[in-house]
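Please read the structure below before turning to the comments.
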Amino acid sequence: MHHAKPKHEFEPKIIAFVCTWCTYAGADLAGTSRMQYPANVRLVKFPCTGRIDPVFILKAFQQGADGVLVSGCHPGDCHYMAGNFHARRRFAAFRKLLEFIGVDLQRLQFSWVSAAEAGKWVEVVTELTERVRAMGPMREFKDLALEEQWSGSLTTPELQEAYEAI
Amino acid sequence: MSRVGVFVCHCGENIARTVDVERVARAAEQLPGVAFATDYKYMCSDPGQGLLKRAIAEQRLSHVVVAACSPRMHERTFRKAVEQAGLNPFLCEMANIREHCSWVHEDREEATTKAIEIVGMLVERVKKNRVLPTITVPVTKKALVIGGGIAGIQAALDIADAGHQVVLVEREPSIGGHMAQLSETFPTLDCSQCIMTPKMVDVANHPNITLHTYSEIEQVDGYIGNFQVTIRKKARSVDEQKCTGCGVCLTKCPQNKIPNSFDCNLGTRSAIYVPFPQAVPNIPVIDREHCTRFKTGKCGVCQKVCGPGAVDFEQQDRLLVEPVGAIVVATGFNLYSIDEKPKGSEIKGYGEFGHGRIPDVIDGMTFERLASASGPTGGKILRPSDGKEPRQVVFIQCVGSRAREKGISYCSKVCCMYTAKHTMLFKHKVHDGQAYVFFMDARTPGKSYDEFWRRSIEEEEAVYIRGMVSRLYQKGDKVVVMGSDIAVGVQVEIEADLVVLATAIMPRQGADSLAQKLGISYDKYHFYSEAHAKLKPVECATAGIYLAGACQGPKDIPDTVSQASAAAAKVMTLFAKEQLEREPVVARVSEKNCVGCFSCRKVCPYGAVEEKEIWDRNGKLIKTVAYVNPGVCAGCGTCQATCPSKSVELDGYTDEQIVAMIEAL
Ligand SMILES: Cc1cc2nc3c(=O)[nH]c(=O)nc-3n(C[C@H](O)[C@H](O)[C@H](O)COP(=O)(O)OP(=O)(O)OC[C@H]3O[C@@H](n4cnc5c(N)ncnc54)[C@H](O)[C@@H]3O)c2cc1C
């Protein structure tokens, strides 16, 4: 018989942006090895962390994520040679911006998890879940979500017209 | 309107045990745009795929989500099935509810909720998937093999025998690698030269093999089926076409006291030299660092004595460009140096073993040269300090290997066997000699290997001492070995005439820089990484590049040859096709939006971004925009995340698709 797991008052939603070659594969390995970790995380797979636009992180918070994880290959191990370096630089700058607009950086984690590091994946997810659970829900962003216009797409005829006029 | 079909797999019990699959299917049915949802015991099985195909036809499905195992496992399977049913394969996505859900959670409620959400995310994503064309590229049926050790030789011969052109590039003046240096080989004790040199000659004579020795890879561009390789042919100072290999120059060169590295510096060679008499090609090289002519401008004896006039002091490095379709990397290994701590390395040296300053403390390869009939002593075991025949020889295993505190945690795999071989060779040559071996444990898996090791103890009377050596020091003309015998629990001290260290097998120096040119990955020691430890042991994750031999990890000759033939078979499989299909995950630029800032070009690791000029009808240049060459793009998407005007999109990973997933949260 399993012991009943402790029920928590608040279960955070965590979204993880991962690259397919390292971290996604590492999470697969955690499964194949039947490791156990909290069920709070949802994965979005990218070819490379280099593809991850910081806007996705904002978007995730706006959509109700209480924590965001970004994880890819270790420096030097990028399947695309340097994508993770670009990601690292981009996110270093982006963290500052987030801090400026009032997001507690404890809610956002970057890590390197290789295809072989199932144990590390479990650790990272468990720690982040516990930390965010203790912090409680993230409210700051949800109200802003409605007004946001996705960059790049010109969804209304007015916008399209304005664009053509330039 | 999309008509998405959702297929939830039980995977036998693997998913169904923790996830309520029926509930997942029912929940999926409620999602907007979902026209059909069902669950089935084994979706990947023949009937499972049949069910999928029928549903596509009967329900007129526009998109498919298969909720099952990892896409890394079966995405291909289901995309193929979807294609057979007449849909574009890229309109199918997999929701991973096994590795990322049922296998990592125990609570059925929690796991089911998570599975439903994962399916929801993928349903939203797939609705934004676009029809992608299959991209086909031609295949250049010519292979490049880098490294001419036994691995490279075997791979080159196999591919050439199959009727394809091979370019073999070797850094040293001759092919042969480490195997050419070995005396006799375990587990059969046949002479290495006898089995190696015929293969070397085959390479030289093969009509399909172009051999470039004393050459290195300068640059690698392109992708599977279509690489462009720039090869640097270093100046040999000898015209390969004119030289007949008569060898007169070697005997006349006045600079003839240079330590010969092929003989582990035991013997000497001249400044114009071939590394060993059986070298292929048998064409000398001038070692410009030691040649008097290059140092002082005087001399020129070799040129004077050369009948065919092949010596050319003016020769320059040449760069050749070869188009190839596949690459086999076979650059082999280096031995851990006992001399000193390798520079800039986390690996610590062996100060306690004298750092190479005790002349009669040598490594295993040096012992091979001593035991080799064609070696500097003609096969007599004579110790380096005074040329005397040693009576007591101590062999120490695992020097460097399996010593985490020294920086290497792996096992070098071949040392247990070659040390056993060394004790035998020693006993065969010095009948009244005694061999001692310090070892942690003997690792002898392999056909006839354990029997071989036992023979060294039972017939050749080698004494194996389980324990470590803490210190070596010179005392008179002896080397004192201080160690412990942990089986008996006593300290041991042996006065040895010669000590042989089985030093770790390490990747080549510079293995990392070659990897960066090739765009392949390597582990923390710089051994090259295979795409999958079990199921893709010879493929690199980078398509079209294959691995053979000790560059991928410590290996003996049988394993090296097997891997080389396997790599060759992979190349032949590739060459069996005229056209290659590749994943259409490539970046595409919106010419309308692009402002030509070329930020994308700065971050593209593949140089795939080109300039494209847009002209109006009157022949006026409107603007220059970025263009991504789909043949070169590998699909990382770094350009898209970088583009300030959001004008690049990575097919298969568009902003729309990603945002749809996030919004499904
Ligand atoms: C002391 C000792 C004894 C051994 N005895 C045995 C034995 O008895 N039986 C057995 O089965 N195995 C034995 N082995 C193992 C055996 O040596 C290896 O399995 C084998 O040599 C591996 O072959 P390889 O072609 O992978 O590498 P290598 O032999 O190292 O060949 C690699 C080749 O690539 C070239 N190269 C390297 N870098 C480049 C570059 N960048 N560009 C171009 N060329 C490059 C090198 O010059 C070399 O010619 C022994 C090993 C040692 C150390």
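Checked against (1) more than 14 Å from the ligand (Cβ to nearest atom); (2) buried (at least 22 other Cβ atoms within 10 Å of the Cβ); (3) among the hydroxyl-bearing types (Ser, Thr, Tyr), B:Ser372 meets all criteria but (1). Could you go through segment B:574-581 and let me know if any residue there is aromatic (Phe, Trp, Tyr), within 14 Å of chain A (Cβ to nearest Cβ) and touching a residue at least 40 places away in the same chain (Cβ under 8 Å). No - not one qualifying residue is present in segment B:574-581.
Those strands (runs of 3 or more DSSP E) of segment B:514-630 in which at least 1 residues are open to solvent by 70 Å² or more (accessible area, probe 1.4 Å), considering only elements entirely within it, cover B:579-582, B:587-589, B:609-615, B:621-628.
Collect the residues in segment B:156-169 that are touching a helix residue (DSSP H, G or I) at 6+ places or on another chain (Cβ under 7 Å) and farther than 15 Å from B:Pro198 by Cα, keeping them in residue-number order. Before the answer, list the steps.
So in segment B:156-169, the residues touching a helix residue (DSSP H, G or I) at 6+ places or on another chain (Cβ under 7 Å) come out as B:156-159, B:162, B:164, B:166, B:168.
Once the filter is applied, which keeps residues that are touching a helix residue (DSSP H, G or I) at 6+ places or on another chain (Cβ under 7 Å) and farther than 15 Å from B:Pro198 by Cα, segment B:156-169 yields B:Ile159, B:Ala162, B:His164, B:Val166, B:Leu168.
If you check B:Ala279, B:Ala326, B:Ala330, which single one turns out to be within 27 Å of the chain's Cα centre (by Cα), away from the ligand (no atom under 16 Å from the Cβ) and of a type outside the set (D, E, K, R)?
B:Ala326
Let's see how each residue does on (1) of a type in the set (A, V, I, L, M, F, W, C); (2) not assigned by TED's automatic domain parsing to the domain that holds B:Ile224:
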position	(1), (2)
B:Glu460	no, yes
B:Val463	yes, yes
B:Val469	yes, yes
B:Lys478	no, yes
B:Gly489	no, yes
B:Ile494	yes, yes
B:Ser513	no, yes
B:Ala531	yes, yes
B:Pro558	no, no
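Each row is one residue, and each column tells you yes or no for (1) in contact with a strand residue (DSSP E or B) (Cβ under 9 Å, 6 or more places away or on another chain); (2) within 16 Å of the ligand (Cβ to nearest atom).
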residue: B:Asp39; (1), (2): yes, no
residue: B:Leu61; (1), (2): yes, no
residue: B:Phe90; (1), (2): no, no
residue: B:Val145; (1), (2): yes, yes
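Whether any residue in segment B:207-214 is surrounded by fewer than 18 Cβ atoms within 10 Å (Cβ to Cβ), not aliphatic (A, V, I, L, M) and not in a strand (DSSP E or B) is what I want to check. Yes: one or more hits.
When restricted to residues that are farther than 21 Å from B:Phe227 by Cβ, more than 6 Å from the ligand (Cβ to nearest atom) and assigned to a loop (DSSP other than H, G, I, E, B), segment B:148-174 contains 2.
Filter segment A:29-49 down to the residues that are of a type outside the set (Ser, Thr, Tyr) and more than 17 Å from the chain's Cα centre (by Cα), then identify the one that is farthest from the other protein chains (Cβ to nearest Cβ). Write out each step before concluding.
Filtering segment A:29-49 down to residues of a type outside the set (Ser, Thr, Tyr) leaves A:29-31, A:34-36, A:38-48.
Narrowing the set further to residues that are more than 17 Å from the chain's Cα centre (by Cα) leaves A:29-31, A:34-36.
Numbers: A:Leu29: 8, A:Ala30: 6, A:Gly31: 3, A:Arg34: 6, A:Met35: 6, A:Gln36: 6 Å.
Looking at the filtered set, the residue picked out is A:Leu29.
Applying the criterion of at least 1 residues that are surrounded by fewer than 15 Cβ atoms within 10 Å (Cβ to Cβ) to the strands (runs of 3 or more DSSP E) found wholly in segment B:260-353 leaves B:318-324. When you check B:Met482 against the structure, is it under 28 Å from B:Phe527 (Cβ atoms), aliphatic (A, V, I, L, M) and open to solvent by 30 Å² or more (accessible area, probe 1.4 Å), yes or no? No, not satisfied. Among the residues of segment B:523-557, just one is within 15 Å of the ligand (Cβ to nearest atom), over 22 Å from B:Cys415 (Cα atoms) and within 12 Å of chain A (Cβ to nearest Cβ), namely B:Glu530.
Does at least one position in segment B:492-508 carry a residue that is more than 14 Å from the ligand (Cβ to nearest atom), more than 14 Å from chain A (Cβ to nearest Cβ), of a type outside the set (Gly, Ala, Ser) and crowded, with 24+ Cβ neighbours inside 10 Å? Yes, because at least one residue in segment B:492-508 is more than 14 Å from the ligand (Cβ to nearest atom), more than 14 Å from chain A (Cβ to nearest Cβ), of a type outside the set (Gly, Ala, Ser) and crowded, with 24+ Cβ neighbours inside 10 Å. Among the residues making up segment A:57-93, those that are facing chain B (nearest Cβ under 7 Å) and surrounded by 22 or more Cβ atoms within 10 Å (Cβ to Cβ) are A:Lys59, A:Ala60, A:Ala65, A:His79, A:Tyr80, A:Met81, A:Gly83, A:His86. With respect to (1) assigned to a helix (DSSP H, G or I); (2) closer than 18 Å to A:Ala60 by Cβ; (3) at pLDDT 75 or above, the lone exception for A:Leu144 is condition (3). Residue count for segment B:108-132, restricted to those that are over 25 Å from B:Val586 (Cβ atoms), surrounded by fewer than 20 Cβ atoms within 10 Å (Cβ to Cβ) and more than 10 Å from chain A (Cβ to nearest Cβ): 1.
The values are calculated or read from the model by the stated rules, or taken from the named source; none is laboratory data. Keep in mind that this is a model prediction, so the values were computed, not measured. Glycine also receives a Cβ, built like all others from the backbone with ideal geometry; neighbour counts cover every protein chain displayed. All accessible areas refer to the heavy atoms of the entire protein, side chains included, with ligands and DNA or RNA removed. Shrake-Rupley method; radii C 1.70, N 1.55, O 1.52, S 1.80 Å.
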